[in-house]
Each structure stands twice: as C-alpha cells, then as structure tokens.
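Only one structure is covered here, and it is reproduced in the block below.
The values are calculated or read from the model by the stated rules, or taken from the named source; none is laboratory data. This is a predicted model, so every value here is computed, not measured. Reconstructed Cβ throughout: ideal geometry from the backbone, glycine too, with neighbour counts over all protein chains shown.
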Amino acid sequence: MADLSINFAGIKAPNPFWLASAPPTDKAYNVVRAYEAGWGGVVWKTLGEDPAAVNVSSRYSAIYGKNKEVLGFNNIELITDRSLEINLREIEQVKKDWPDRALVVSLMVPCEEESWKYILPLVEATGADGIELNFGCPHGMPERGMGAAVGQVPEYVEMVTRWCKTYSKMPVIVKLTPNITDIRGPARAAYNGGADAVSLINTINSITSIDLDQMVARPIVGGRSTHGGYCGPAVKPIAMNMVAEIARDPATAGIPISGIGGIGSWRDAAEFIALGASSVQVCTAAMLYGFRIVEEMKDGLSRWMDEKGYNSIADFSGKAIPNTTDWKYLDMNYKVIAQIDQDKCIGCGRCYIACEDTSHQSIANLLQDNGTHKYEVKEEECVGCNLCQITCPVTDCITMVPQDTGEPYMNWTQDPRNPFREAS
C-alpha cells in the first residue's frame, strides 16, 4: 500500500493534505476536528499584532454553475480577529495533543524588523512545526502595508524572509501572491532570502458579481462592497501554471512547494504534485463540504498510487515537469485530426456548430434518408484544435488521432517560417 507520509521542508506529516490558512483553521476547535477527520496538517489562520483585526459582515460571495455548484469563491475576510495571546495558547495545546500532525503558523505583521523579531520567538515557543509568511492577502491588509503589498515587491519578500531566518529556527514557508505579472520574481526573492519552501497561490483580486437592483458588488456591506480574494475550482488552472513556473525555473529548482488553489479531490492533488508540489493545501472544498472530504482524498490518492506503482509522494512529485516547456519548443510537425465514433454519436450537432461557426469548417453535416443528421470530419481541413472534442457531451465519442507526417521534430526556433529562427 502506498505511503502517503511526507517530509516537507523538515516538517513531517502522515499525508500531504493540509488545511490552508483560512476560517477552517481559525481556532483549536476547528483544527482538532480536522485532525480527527484525518488531515495531515494545518496552517493556522494568519496571526498578527494586537489589537486583532476587525472583520465586516457579510464576507463571502460566489460564482455558481448551472446546478448551483460553487465554481469560484470570493472573500473579504481579514486575518484572525482573535487576540495573539489566545491563538498562541491554543496552538501550543493543540501541538502537544497532536504531535504527529503538521502545524504551521501563518504570520503577517508590519514590514518592520522589530515587529518580526518580536513575534517569531512567541510562535516558536508554542512548539509549532514552522511558519508561513502571508505575502498574498489581496484585500484590507495591503492598504496597511502588509499582505500582497509585500508579496508584489521581491525586495521586500527577500528582506522579510531573511529576518525570519535570522530570528527563528523554524522552517520558513513563503506564501506567494498571484496578483503579479511573473511569479518567478518573488519566488526567487524568497529563495535568496533563505526560505525553506514556498506555498502558492494565495487568492486572486476579484469581484464575483453585481446586485443589479442595488447596484453594488457582492458581498454587500451596508450598501457598499470592495474587491476580495478569489479561490475555489476556478483558480486551479492559474495555480497549477504558477506552481509549474517555479518548479521548472533553474533559479528555484528543488525548493519545496506547497500547492494551493482549487484542490477538492485526490486527482487535483495528484496533478499539483506531478507539477512539483510535495504537499497540498485545501480551503474552499473543506468550507463547502466539511472536513471529512479528506477521507476520500486519501483513499483515492493511495489507490491511484498503488495502481501506478508509486510507493511514495516523492516518486511522482514533479514527474510532469520535464514535459512542461515553452511554446517555442513544441513540435511544429506533430499533427492530430479528430475522429467521430458513429456508434457513440447522439447526433446533437454541437461539434458541427462549434467548428462551422467559430473554427475551421472541418465537420460535414450530412442529412440522412431518415431525416437524421450524420457528422463526419473533413480530414483534409481538420487542424486538430480539439474544439469539437471539448464541445461533445459524450465521453470518448470524439478522439484526437495522431498522424504520421513523416517529418522529424522541429520547433519554432528551427522553423524556416519563423523569420527570427535561431541558427542551428
């Protein structure tokens, strides 16, 4: 049976599934329930200086699918609104009671050396396994010179990280903001500052919807609103790209990565791990479905690893990175064309409409004697874009079939059609 245990930057946990710093980890009651449910670790909701932050009401909004499933989740909640003393006392007790689980403390204090020098020994005294520097919160805190206001400036990231390594012996994880042009900049800064690991992504600046009667964005606070932090399934593609960018950057190669962003199943976790993560953090899915989702996550990941012959998380962490490259290195001579399985086709015509109206007019609409329609791919016109496959509602009805072009590998830097091609 697969071994799900991990050693993340010196922090041991029985499995890679951690709760992210958020409302689910705001107090001992929640964290103990999470451990009882089987979570391998938690990142305690961000601590700050006293007096504690004050939150507003309401705080959440969402983007929904057709069946009311939450696709994206938006929040304007700040860091913990409980005192530093209460949080530290609870952290110490929880760690004593659950020594085998990872307990990382998220921190955010002003970008002043004395503030960090003061709080770090207090956290270390609790016995916590490590700290996560919250350089990503996109609302409320940046106006105070914290959160994303730090994470968007690599020099600040490196400076604060170095302070933390100077005044603490705990592993330092730097949580990165996605609200930046190139995630590699702050990741490199964290690495240069001595970070033991990075975690990403934090939430994305967002306004999810507008109440068109009141003419105000949601969530509504006394008739007004503001942008918040976007998370949930909708951000997963963005998060995975940023994780991969760091994992394949020579300047940060090998730094442990905790993947965050839209993880709600074992498959999501496996995908993040394949792109270089060695632990994953979950928030939105736990808030929507409760802590017991971790049971299915652990079971599913373990079964899949057994099926693939992976004995540990390390066996497949980063395994997809060698196959992730820049567009210019893709094979220009590789070709696929669509193929429709007529036995599975239900004749809905969605592939035809999509291709005819918005793509390459590569599907023929043939009227049959019985009045039904048959759809066939015009192979000579098909460019292999796979729009038809995406629009088809029937699994495996349309497949993309590789073609033997007889041509060798040739990327864009070598292509004679590229006026700026590189010399061989």
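Considering each of A277, A338 in turn, give the residue that is more than 24 Å from K12 (Cα to Cα) and either assigned by TED's automatic domain parsing to the domain that holds I257 or in contact with a helix residue (DSSP H, G or I) (Cβ under 9 Å, 6 or more places away or on another chain) (or both). Unique residue meeting the criteria: A338.
Checked against the criterion of being assigned by TED's automatic domain parsing to the domain that holds L120 and on the phi > 0 side of the Ramachandran plot, the candidates G222, G151, G193, G185 yield just one match: G222. Would you point out the residue of the range 353-366, among those that are in contact with a Phe, Trp or Tyr (Cβ under 8 Å, 6 or more places away or on another chain) and free of Cβ contacts under 8 Å to residues at least 24 places away in the same chain, that is surrounded by the fewest Cβ atoms within 10 Å (Cβ to Cβ)? Among those that are in contact with a Phe, Trp or Tyr (Cβ under 8 Å, 6 or more places away or on another chain) and free of Cβ contacts under 8 Å to residues at least 24 places away in the same chain, it is L366. Being of a type in the set (D, E, K, R), out of contact with any helix residue (DSSP H, G or I) (no Cβ under 7 Å at 6 or more places or on another chain) and not assigned by TED's automatic domain parsing to the domain that holds K335 is the requirement here; does D415 meet it? So D415 fits the description; yes. Taking (1) in contact with a Gly (Cβ under 7 Å, 6 or more places away or on another chain); (2) over 30 Å from Y64 (Cα atoms); (3) surrounded by fewer than 20 Cβ atoms within 10 Å (Cβ to Cβ) in turn, S168 satisfies each apart from (1).
For the range 59-67, indicate whether the set of residues that are surrounded by fewer than 16 Cβ atoms within 10 Å (Cβ to Cβ) and aliphatic (A, V, I, L, M) is non-empty. No, the range 59-67 contains no residue that is surrounded by fewer than 16 Cβ atoms within 10 Å (Cβ to Cβ) and aliphatic (A, V, I, L, M).
Of all residues in the range 250-291, those being assigned to a loop (DSSP other than H, G, I, E, B), within 14 Å of P233 (Cα to Cα) and over 11 Å from the mean Cα position of the chain (by Cα) number 1.
Which condition number in (1) part of a loop (DSSP other than H, G, I, E, B); (2) within 19 Å of G229 (Cα to Cα); (3) in contact (Cβ under 8 Å) with a residue 60 or more places away in the chain is the one that A128 fails? So A128 meets the others, but not (2). Any residue at all in the range 260-274 that's within 30 Å of I398 (Cα to Cα) and surrounded by fewer than 18 Cβ atoms within 10 Å (Cβ to Cβ)? Within the range 260-274, one or more residues are within 30 Å of I398 (Cα to Cα) and surrounded by fewer than 18 Cβ atoms within 10 Å (Cβ to Cβ).
Picking from residues in the range 137-178 that are aliphatic (A, V, I, L, M) and in a loop (DSSP other than H, G, I, E, B), the one that is nearest to the chain's Cα centre (by Cα) is L176.
Among the residues of the range 68-97, those identified as surrounded by fewer than 21 Cβ atoms within 10 Å (Cβ to Cβ), part of a helix (DSSP H, G or I) and in contact (Cβ under 8 Å) with a residue 24 or more places away in the chain are L84, E85, L88, E90, E92, Q93, K95, K96, D97. Filtered by the rule that a residue be crowded, with 24+ Cβ neighbours inside 10 Å and not in a helix (DSSP H, G or I), the range 23-44 gives W39, G40, G41, V42, V43, W44.
Might you check whether a residue that is touching a residue at least 60 places away in the same chain (Cβ under 8 Å), within 25 Å of W39 (Cβ to Cβ) and either surrounded by 17 or more Cβ atoms within 10 Å (Cβ to Cβ) or out of contact with any strand residue (DSSP E or B) (no Cβ under 8 Å at 6 or more places or on another chain) (or both) occurs anywhere in the range 322-336? No, the conditions are met nowhere in the range 322-336. Would you mention how many residues in the range 152-170 are closer than 18 Å to S206 by Cα and in contact with a helix residue (DSSP H, G or I) (Cβ under 6 Å, 6 or more places away or on another chain)? Summing the residues that are closer than 18 Å to S206 by Cα and in contact with a helix residue (DSSP H, G or I) (Cβ under 6 Å, 6 or more places away or on another chain) in the range 152-170 gives 0.
The set of residues in the range 336-359 that are over 30 Å from G406 (Cα atoms) and in a loop (DSSP other than H, G, I, E, B) comprises D343, K344, C345, I346, G347, C348, G349. Within the option set Q342, Q361, being within 20 Å of P393 (Cβ to Cβ) and not hydrophobic (A, V, I, L, M, F, W, C) holds for one residue only, Q342.
Which condition does V216 not pass, out of (1) at pLDDT below 95; (2) farther than 23 Å from L275 by Cβ, if it passes all the others? So the condition that V216 fails would be (1). For the range 45-65, filtering for residues that are touching a Leu at 6+ places or on another chain (Cβ under 8 Å), under 27 Å from V109 (Cβ atoms) and not in a loop (DSSP other than H, G, I, E, B) leaves 2.
Does any residue of the range 34-43 turn out to be at pLDDT 95 or above, within 16 Å of G228 (Cβ to Cβ) and in the same structural domain as L19 (by TED's automatic domain parsing)? Checking the range 34-43: not a single residue is at pLDDT 95 or above, within 16 Å of G228 (Cβ to Cβ) and in the same structural domain as L19 (by TED's automatic domain parsing). Would you mind stating whether S83 is under 22 Å from G136 (Cα atoms) and either at pLDDT 95 or above or of a type in the set (F, W, Y) (or both)? When the stated conditions are applied, S83 passes them.
Here K298 clears all of (1) out of contact with any helix residue (DSSP H, G or I) (no Cβ under 9 Å at 6 or more places or on another chain); (2) of a type in the set (K, R); (3) closer than 27 Å to G254 by Cα except the condition numbered (1).
If you take the residues of the range 191-208 that are of a type in the set (S, T, Y) and not in a loop (DSSP other than H, G, I, E, B), which of them is nearest to G72 (Cα to Cα)? It would help to see each step written out before you state the result.
Within the range 191-208, the subset of a type in the set (S, T, Y) is 191, 199, 203, 206, 208.
Within this subset, residues satisfying the condition of being not in a loop (DSSP other than H, G, I, E, B) are 191, 199, 206.
Values: Y191: 31, S199: 20, S206: 10 Å.
Looking at the filtered set, the residue picked out is S206.
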